[in-house]
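Bear in mind these aren't lab numbers, they're just calculated from the coordinates by the rules spelled out. Since the structure is predicted, the reported quantities are computational estimates derived from the model, not experimental observations. Quick reminder, even Gly has a Cβ in these numbers, built from the backbone with ideal geometry, and neighbours come from all protein chains shown.
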Amino acid sequence: MGRIAYVNGRFVRHADAAVHIEDRGYQFSDGVYEVWAVFGGKLVDSIGHFARLKRSLGELSIAEPMSEGALRIVLAETVRRNRVREGLIYLQVTRGVAPRDHPFPDPAPAPALVITAKSVDPRAAEQRAERGAAVITMPENRWGRCDIKTIGLLPNVLAKQAAREAGAVEAWFVDDLGLITEGASSNAWIVDQSGALRTRNIQANILRGVTRASLLKLASDLGLQLEERPFTPDEAKGAREAFITGAGTLVLPIVRIDNAKVGNGVPGPVAKRLRRLYIDGARREAD
Ligand SMILES: Cc1ncc(COP(=O)(O)O)c(C=O)c1O
């Protein structure tokens, strides 16, 4: 069975799915997106992702394409039609279709909604986590509203390509203060030399990761020492452990930053434990 996409009210074959050439997402990146991990055919951290979608839309004055209840039904149906048990579901909302002109169209067109789903191989993901992954660092060059999950991702695309060319899975952006903000598609964490778990505070110009929020709660329930405060690339290279979080990677240990080994170059015990506990909890609570 081939893949099925949801496009503006209809389920269509993925290969035939298309949007209008004057969709403002295509013309201006005038839209937002969300990604949920899918475990056992159900959405992981669903509430947090719906809340962030609503907020992203609100910040850009784009209308909600449908109620959360209706969206849940469409998402579940997209998962079902694509027979996804373990995977990812991607949702994109743009301001809609209008003749190309920068200001918001008046009257506002109906927002355009596209949803796709794909399976991932959980064993391959687990093997990668067991090996650990590499990141590179590069200067922050994104706009000032990284708290909005906009589809305008060109700096992230370039950063990921540079990472791939360097044999890394992720690029960590370093701001003008010399502090790591986050990855191109994940939040950045370390376990510092005092044993504290550190990740950038959400007042900084970062995406408020839903996985990040869940992991903070989990770590606090475990009684780990938590500090939402920035760190430099040198601190990260000298840390006991490093890892990234996101709907795509869940909790992924980082064992190399640029050309430096983190710790002794293998995934650390805190990252491994948090990955296991996060996945177990997410699987139990997926809905
Ligand atoms: C720039 C950026 N930061 C962080 C994240 C992690 O967010 P979440 O945990 O909600 O997937 C993402 C996810 O796509 C991202 O694109």
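In terms of surrounding Cβ atoms within a 10 Å radius of their Cβ, 210, 7 rank from fewest to most as 7, 210. For residue 229, nonlocal amide neighbours, meaning residues 5 or more places apart or on other chains whose placed amide H falls under 5 Å from its own, are 199, 201. Note on region 68-126: Kirkwood hydrodynamic radius from all Cα pairs is 13.7 Å, rounded to one decimal. Rg over Rh for region 27-115 works out to 1.01, both radii taken from alpha-carbon positions and Rh defined as the Kirkwood radius.
Annotation: amide H-H contacts under 5 Å for residue 133 (H modelled 1.01 Å from N, sequence separation of 5 or more, or interchain): 254, 255, 256. Helix 122-131 axis versus longest C-alpha principal axis of the chain: approximately 30°, rounded to the nearest ten. Taking Cα atoms, how many degrees apart are the long axis of helix 68-81 and the longest axis of the chain, rounded to 10 and kept between 0 and 90? Computed tilt is about 80 degrees. Looking at the calculated P(r) for region 66-174, what percent of the C-alpha pair distances fall above 17 Å? Counting every Cα pair in region 66-174, those more than 17 Å apart make up 72 percent.
Is there a pair in 42/217; 54/149; 118/272 whose C-alpha atoms are over 19 Å apart, and which pairs would that be? The answer is 42/217; 118/272.
At q = 0.11, 0.12, 0.15, 0.17 Å⁻¹, what base-10 log of I(q)/I(0) does the Debye formula yield for region 134-278 when every alpha carbon is treated as an equal point scatterer in vacuo? Scattering profile of region 134-278, log10 relative to I(0): -0.35, -0.42, -0.67, -0.88.
Helix 46-59 axis versus longest C-alpha principal axis of the chain: approximately 70°, rounded to the nearest ten.
With 10 Å bins beginning at zero, the pair-distance distribution over Cα atoms of the chain amounts to 6, 27, 34, 23, 8, 1 %.
Counting neighbouring Cβ atoms within 10 Å and putting the fewest first, the residues 131, 72, 256 line up as 131, 72, 256.
Going from the fewest other Cβ atoms within 10 Å to the most, the residues 138, 66 appear in the order 66, 138.
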